[in-house]
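The structure appears below as structure tokens.
The values are calculated or read from the model by the stated rules, or taken from the named source; none is laboratory data. Worth saying up front: this structure is predicted, and the values here are computed from it rather than measured. Note that we place each Cβ from the backbone using ideal geometry, even for glycine, and neighbour counts take in every protein chain shown. Ligands, DNA and RNA are excluded from the accessible area calculation, which covers all protein heavy atoms including side chains. Shrake-Rupley method; radii C 1.70, N 1.55, O 1.52, S 1.80 Å.
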Amino acid sequence: MSAALIRLHFHDCFVHGCDASNLLNNSQTIKSEKDSPPNVSTRGHQVIDAAKAQLETICPAVVSCADILAVAARDASAFAGGPSWDVKLGRRDSTAAFPDEVMGNLPFFNSDLQILIDLFKRKGLSPRDMVALSGAHTLGLAPCFSFRERIHSNNASALRRRCPAVGGDSNLVAMDMTPDKFDNNYFTNIVQRKGLLKTDQVLFSGGVTDSIVMEYSQSPSRFSADFAAAMIKMGDLQPLTGSAGQVRKICSAANK
Ligand code: HEM
């Protein structure tokens, strides 16, 4: 579950800022972001909904869903053995979803390095932030369709059994050997040319990010510190503050 919660915060912040727009369901007035390809496999919404329900009982209309996502991502990291950090609070929630902005703002699993660097740069995040944040793939699972192309062009035979050339699209595979533990195995894998997604391996493929991957593969503490700093930067993306937006009563719908 840690993986799912960190990913939800990322998918929130990169699309129209950290405003919990990714949590809204379809309704008469809202076209949800959840149906866009990168979001279809997101999970963990029930954890956010449960936290929201408890908060509304204790202290109604104060803590936004966007802040819950930010805090949940931090706690998920710490729970999995990763870093913790002070989460800035005060984000408010959007009243709309932005499905048309999902594809241009969230990275795709077969992007090349320059596309990733440019996409993160547009968010004010450096290549170093990008590599550190990609280290979130130390946690969680990826479905076969997202890495099939890669494993059928090299000799990853165990992976090919789990993810055949045809079929098994949604078979899940751990993104590193320890998918429940926040560690730097993701980077040691990449150095050994065993990155699961194309976008994982491009970070160590003769380009400008090679030295950062190498550094993180040798220093778990450097990775942890940079991950925490980059998560704080990501959590600062275009927040709604003051009287903009609202504090939703439930995270999946705008207030009536
Ligand atoms: C750099 C570009 C990135 C690409 C192309 C990418 C792509 C993907 C893909 C294809 C998956 C497999 C899940 C699926 O499709 O169903 C995935 C999983 C995941 N991603 Fe990323 N991602 C990127 C960056 C990030 C960042 C910046 C974070 C968070 C800071 C993140 C957090 C995660 C987590 C935790 C999972 C596992 C989710 C789970 O087990 O439910 N990713 N990512």
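Count of the range 1-49 residues, restricted to those that are in contact with a helix residue (DSSP H, G or I) (Cβ under 7 Å, 6 or more places away or on another chain), among the aliphatic types (A, V, I, L, M) and more than 22 Å from LEU89 (Cα to Cα), is 1.
Is it true that some residue in the range 15-25 is near the ligand (Cβ under 8 Å from one of its atoms) and either in the same structural domain as SER77 (by TED's automatic domain parsing) or open to solvent by 60 Å² or more (accessible area, probe 1.4 Å) (or both)?
no
Does ASP183 satisfy being without any contact (Cβ under 8 Å) to a residue 60 or more places away in the chain and in contact with a helix residue (DSSP H, G or I) (Cβ under 8 Å, 6 or more places away or on another chain)? Spelling it out, it is not the case that ASP183 is without any contact (Cβ under 8 Å) to a residue 60 or more places away in the chain and in contact with a helix residue (DSSP H, G or I) (Cβ under 8 Å, 6 or more places away or on another chain). Can you find a residue in the range 158-171 that is closer than 23 Å to ILE212 by Cα and either open to solvent by less than 40 Å² (accessible area, probe 1.4 Å) or not assigned by TED's automatic domain parsing to the domain that holds ALA80 (or both)? Within the range 158-171 (the criterion being closer than 23 Å to ILE212 by Cα and either open to solvent by less than 40 Å² (accessible area, probe 1.4 Å) or not assigned by TED's automatic domain parsing to the domain that holds ALA80 (or both)), the answer is no, since none of the residues qualifies. Between VAL47, VAL71, VAL63, the distinction of being within 13 Å of the ligand (Cβ to nearest atom) and touching a residue at least 12 places away in the same chain (Cβ under 8 Å) belongs to VAL47 only. Those helices (runs of 4 or more DSSP H) of the range 134-247 in which at least 3 residues are within 12 Å of the ligand (Cβ to nearest atom), among the hydrophobic types (A, V, I, L, M, F, W, C) and under 21 Å from PHE10 (Cβ atoms), considering only elements entirely within it, cover 220-235.
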